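Here's the structure we're looking at; comments come further down.
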Amino acid sequence: MQERRIALVGAMPMEVEPYLTRIGDARREECGPFVFHLGTACGVPVAVLCCGIGKVNAAMAVQALIGRLAPGLVLHSGVGGSLTAGLGLLDALIARDCVQYDVDTTALGDPPGMISTIDRVSLPCDAAVADGLMAAAREAGASAKFGRVATGDRFLSSAEEKRGIAEAFGALTCDQESAAIAQVCFVHNVPCGVVRAVSDATDGAHGDEFKVYAPRAAEIAAGIVWRFLEKFGNNLQ
């Protein structure tokens, strides 16, 4: 029987390095351009994957992951931009669901963000996993909120544009991967969880903020996931 691992996914090396450091001597397995690092975290078998930046990279990587390893759960963590003044630098967002803000067939009568073939806007995260991640965030001392992640293939640097996406979709953070990962998990019926820590805020020099705060934000997001594994990992097998 194939081992049911928990997949720990980040888009950039800084987002997966906290996992690789903790799991130590992991076995590498390649699938096309992607590398899975197979090891154990908190007594639970895990696969760590750096999927690359952007929706297509994220979707291809997680599709390959599910096809090769059939994980029982996908946990995606990393950095994101705040869409609200209520979520500041280094605060964390535990996703209830994700949307793709740059999918637009409104000219055909569809609502913004409607994804053809699955005919939905909202891509859900597992509710029990989200609750567990929030409990882990609190135990880790992180400032965290539940909310929606808006995903698109751009680094948003305009406060005005961020406000527009927040108003259109009711999202609290933005990124470039989460909704793509959530869509792949949705169509394969694999539960997923998403944690994003804020690396750039709604007003300010977004690129400069990212350079300063992204490494710490990545550590915070991964730390929440790690605490989740410590707290609930044995119940996920």
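The values are calculated or read from the model by the stated rules, or taken from the named source; none is laboratory data. It should be emphasised that the depicted structure is a prediction, and the values quoted were computed from it without experimental measurement. Neighbour counts run over all protein chains shown; Cβ positions are idealised from the backbone, glycine included. Just the protein is used for accessible areas: all its heavy atoms, side chains included, with ligands, DNA and RNA removed. Shrake-Rupley method; radii C 1.70, N 1.55, O 1.52, S 1.80 Å.
Of all residues in region 29-43, those satisfying the criterion of being within 15 Å of LEU8 (Cβ to Cβ) and touching a Phe, Trp or Tyr at 6+ places or on another chain (Cβ under 9 Å) are GLU29, HIS37, GLY39, ALA41, CYS42.
Here is a yes/no grid of residues against (1) crowded, with 23+ Cβ neighbours inside 10 Å; (2) of a type outside the set (A, V, I, L, M, F, W, C); (3) in contact (Cβ under 8 Å) with a residue 40 or more places away in the chain:
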residue	(1), (2), (3)
MET12	no, no, yes
PRO18	no, yes, yes
THR21	no, yes, no
GLY32	no, yes, no
PHE36	yes, no, no
THR40	no, yes, no
GLY43	no, yes, yes
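For region 153-165, enumerate the residues that are among the small types (Gly, Ala, Ser) and either at pLDDT 95 or above or open to solvent by 70 Å² or more (accessible area, probe 1.4 Å) (or both). Hit for region 153-165 is SER157, nothing else.
Which one is least open to solvent (accessible area, probe 1.4 Å), of the residues in region 168-219 that are part of a loop (DSSP other than H, G, I, E, B) and within 17 Å of GLY52 (Cβ to Cβ)?
It comes out as GLU177.
Among the residues making up region 74-100, a single one is polar (S, T, N, Q) and open to solvent by 30 Å² or more (accessible area, probe 1.4 Å): THR84.
It is to be established whether one or more residues within region 51-68 are closer than 23 Å to ALA140 by Cβ and within 13 Å of the chain's Cα centre (by Cα). Looking through region 51-68, none of the residues is closer than 23 Å to ALA140 by Cβ and within 13 Å of the chain's Cα centre (by Cα). Can you spot a residue in region 101-121 that is buried (at least 21 other Cβ atoms within 10 Å of the Cβ) and within 27 Å of GLY223 (Cα to Cα)? No: region 101-121 contains no residue that is buried (at least 21 other Cβ atoms within 10 Å of the Cβ) and within 27 Å of GLY223 (Cα to Cα).
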